[in-house]
Structures are given as structure tokens and as C-alpha cells.
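Data first, discussion second: the structure below is written as C-alpha cells.
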Amino acid sequence: MQDRKDKTAPVNKGGKNSDNRITRDIICFVILGVLVLALLVCNLGLGSVKIPVRAVLGSIGIGSAEVSDTARGILWQIRMPRALAAFLLGGALGLAGYLLQTFFHNPIAGPFVLGISSGAKLAVALVMVFFLGGGIRVSSWGMILAALAGSLFVMGFVLVMSRHVSNMAMLIVSGVMIGYICSAITDLVVTFAQDADIVNLHNWSKGSFSGITWENVAVMAAVTVVSLAWAVCMAKPVGAYLMGEVYAASVGVSVRRLRVLLVLLSSILAACITAFAGPVSFVGIAVPHLVKKLFGTAEPLVMIPACFMGGSVFCLFCDLLARTLFAPTELSISTVTAVFGAPVVIVIMLNRRKERG
């Protein structure tokens, strides 16, 4: 609740504060929307072959600029699917991080830190090696199901540990350790993968949005849009859960059911991300905190779509740098996200230490 220093006119002041809050939220969403559009255009136009903005807009039906067949092919077959993947999967990462931080009541919980991404990565790597190595094609849905199985396995381990470990820091350490184990097994699998059909497995295992097809985009769009809508519908009980499990139960929220839904939804998002882009680090941790600072609120109805848009902006920006910074050499997406995300985590830890002090 907001403090009301002016006791004589609480209604008017409350209404004014509410209007200011709504205005600020709208401005922040507009800023994120503009950044998303600007970064999408930059991702489509910049690269080893530079395409003018007018040509980019013309290729998508905005304006009348002529576009060569070569430029059109680059845009629609390579850059457009990749940019949309960065938008969708980046948003999924931001949302998954927010849901996990809500579930564990821990500011550094995220798919990568808890080892969920590593578990999904291991499952997908095994499927790619044994199925593709045997000449069996695996659909996008099959990859997501494999990643979901791996992420749920690790999430189950983390939940079992949470019942025996009261210290949340030790729980995070347990997640990190299981993540290292899964990554080590994955690296072993990748080392002995020789089949020509899985030559890109090594790049995928480091995190990359390259090689995305329109079929992949359609599948990830279906998963992420449904998950986002599902999360928005859960905003009210999530808000009560943030006030404490006792309070949530007192207002009629089924805490056990909500916790199951949070686990399932965050695991689905992490599985979708890992299946197509491999493990992407620090986005799920950093984005919710950056968004919270920008909006100045922790209200779930605002944070859920804002974290999605914030994750999209973060990954579009990082993928642009990964492609263009040392072109034609391409960096893994996790390398760039770590550069910008790790300092945020350090600041979070320092602030928590000051608060406890």
C-alpha cells in the first residue's frame, strides 16, 4: 500500500498517484516497443551484406523501394527468421526468469543458474546425436518435447533439494552443480558426434540463433504466445503469492496448484528456448530486475508482459552484436549476454548484501 502523508485528501492523492502510475507504465511500454521495432530493423539490415532501411521496409510491404532478389532472399530466408527467433525466445527467457524468481522468492533464480537450461540442452543433444546420427529426422515439436523432459528432470531435482535445504543460497548452488554435470555430459556427447547431419551441434551447444527456419519460428511462436497469455491470466494469483503463501491461501489461491503451474510454465519456456537456440545465459536473471527498475513496480500484470518485451530487446541487441561485432566471425549469443547480464547479477548481490547489513 502507498503511504499517504496528506490525510486530508487521500482519495484525490490516491487517484493522482494511480494516474501517474498508469502514465509511466504506458510510456515505458512505448519505449520498449520502439526499441523492439528499431532493433528488428537493425537486425534485418545490418550484417556482412548491408541492406538499406528503405529496402528492408520495402521488402515487408512498407514503402515502394525496390529490393533485389538477392537482398530479398537474405532478408526472408536468413535474417527475418533469426530476428523473430531472437524476439520470441528473448521474451520467453525474460518471462521464464521472472516466473522462477517468483517461485523461489530469489532474485538470482533463472533457467541457466538453476541448471534447467543445461538439462534441456543435454536431452536435445542426445536426441540430435542418436536420431539424426541414425538418419531419423526430428521435428521441432520433438525437439521441444525432448528439451521439456530434460528441463523437468532438473527442475524435479531442484524441487527435491528445496525440501531438504532451507538455505536458498545452497539451493542455487545445487542447481549450478547439476547444470555443470549436464553440461559436462553434453560436451562429451558433442565431442564424439561425427555425423555430417549434426555438424552444427557444437555451435548450438554454445548458444546461437543461427540456422532458424520458418517452421521453427511457427512452433516457437505458438509455444511462447500461449505461454505469455497463460502467464497473464495467472497475474492475479501470482500477485497474491508474492505477498506470501499464507496470504495467498487466505484470499482463495490454491498455492499448491499455482506452484505446479509456475514450474510447468517456466519449464516449457526454458525447453522452447534451449531446443532452438541452445543455452542462453544471464538473460532470465538480469531482465526482470532491469524491467522492475524501469517501471518502478513489481505488479505481475505489468511485469509479465514487460519482462517478455525486455527479454526481446535484450536478445535482439545481443544477437546484433554477436553477428556484426567481429564479422564475418560470429560470437555465441551466450558470450554477449554474459557481458551485459553478469554485471547486473553482481549489482543485485551487492545490493542484497547492503540490505542485510
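May I ask you to list the residues in region 336-350 that are β-branched (Val, Ile, Thr), surrounded by fewer than 16 Cβ atoms within 10 Å (Cβ to Cβ) and closer than 21 Å to SER205 by Cβ? If the condition is that a residue be β-branched (Val, Ile, Thr), surrounded by fewer than 16 Cβ atoms within 10 Å (Cβ to Cβ) and closer than 21 Å to SER205 by Cβ, then VAL339 is the only one that fits.
With the condition kept exactly as written, say whether any residue in region 207-218 is in a helix (DSSP H, G or I), within 22 Å of the chain's Cα centre (by Cα), among the β-branched types (Val, Ile, Thr) and under 20 Å from PHE103 (Cβ atoms). No: region 207-218 contains no residue that is in a helix (DSSP H, G or I), within 22 Å of the chain's Cα centre (by Cα), among the β-branched types (Val, Ile, Thr) and under 20 Å from PHE103 (Cβ atoms). Residue selection: VAL280 satisfies the criterion of being within 23 Å of LEU44 (Cα to Cα), among the β-branched types (Val, Ile, Thr) and within 12 Å of the chain's Cα centre (by Cα).
Among the candidates PHE340, PHE326, single out the residue that is over 16 Å from the mean Cα position of the chain (by Cα) and of a type in the set (Phe, Trp, Tyr). Write out each step before concluding.
Values: PHE340 fails: over 16 Å from the mean Cα position of the chain (by Cα).
Testing whether each residue is over 16 Å from the mean Cα position of the chain (by Cα) and of a type in the set (Phe, Trp, Tyr) leaves just PHE326.
If you filter region 271-298 down to residues that are aromatic (Phe, Trp, Tyr) and outside any loop (DSSP other than H, G, I, E, B), you find that the one that is modelled with the lowest pLDDT is PHE276. Which of the residues that make up region 241-270 are β-branched (Val, Ile, Thr), free of Cβ contacts under 8 Å to residues at least 12 places away in the same chain and either under 16 Å from GLY156 (Cα atoms) or assigned to a helix (DSSP H, G or I) (or both)? Matches in region 241-270: VAL246, VAL260. Among the residues examined, PHE276 does not qualify as over 18 Å from LYS236 (Cα atoms), hydrophobic (A, V, I, L, M, F, W, C) and surrounded by fewer than 24 Cβ atoms within 10 Å (Cβ to Cβ).
Here is a yes/no grid of residues against (1) at pLDDT below 90; (2) basic (Lys, Arg); (3) crowded, with 19+ Cβ neighbours inside 10 Å; (4) closer than 29 Å to THR324 by Cα:
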{"position": "LEU188", "(1), (2), (3), (4)": "yes, no, no, no"}
{"position": "GLN194", "(1), (2), (3), (4)": "yes, no, no, no"}
{"position": "ASN200", "(1), (2), (3), (4)": "yes, no, no, yes"}
{"position": "GLY207", "(1), (2), (3), (4)": "yes, no, yes, yes"}
{"position": "GLY211", "(1), (2), (3), (4)": "yes, no, no, yes"}
{"position": "TRP214", "(1), (2), (3), (4)": "no, no, no, yes"}
{"position": "ALA229", "(1), (2), (3), (4)": "no, no, no, no"}
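The values are calculated or read from the model by the stated rules, or taken from the named source; none is laboratory data. None of the values given here were measured: they were computed from a predicted structure. Here the Cβ is made from the backbone with ideal geometry for all residues, glycine too, and neighbour counts use every protein chain on show.
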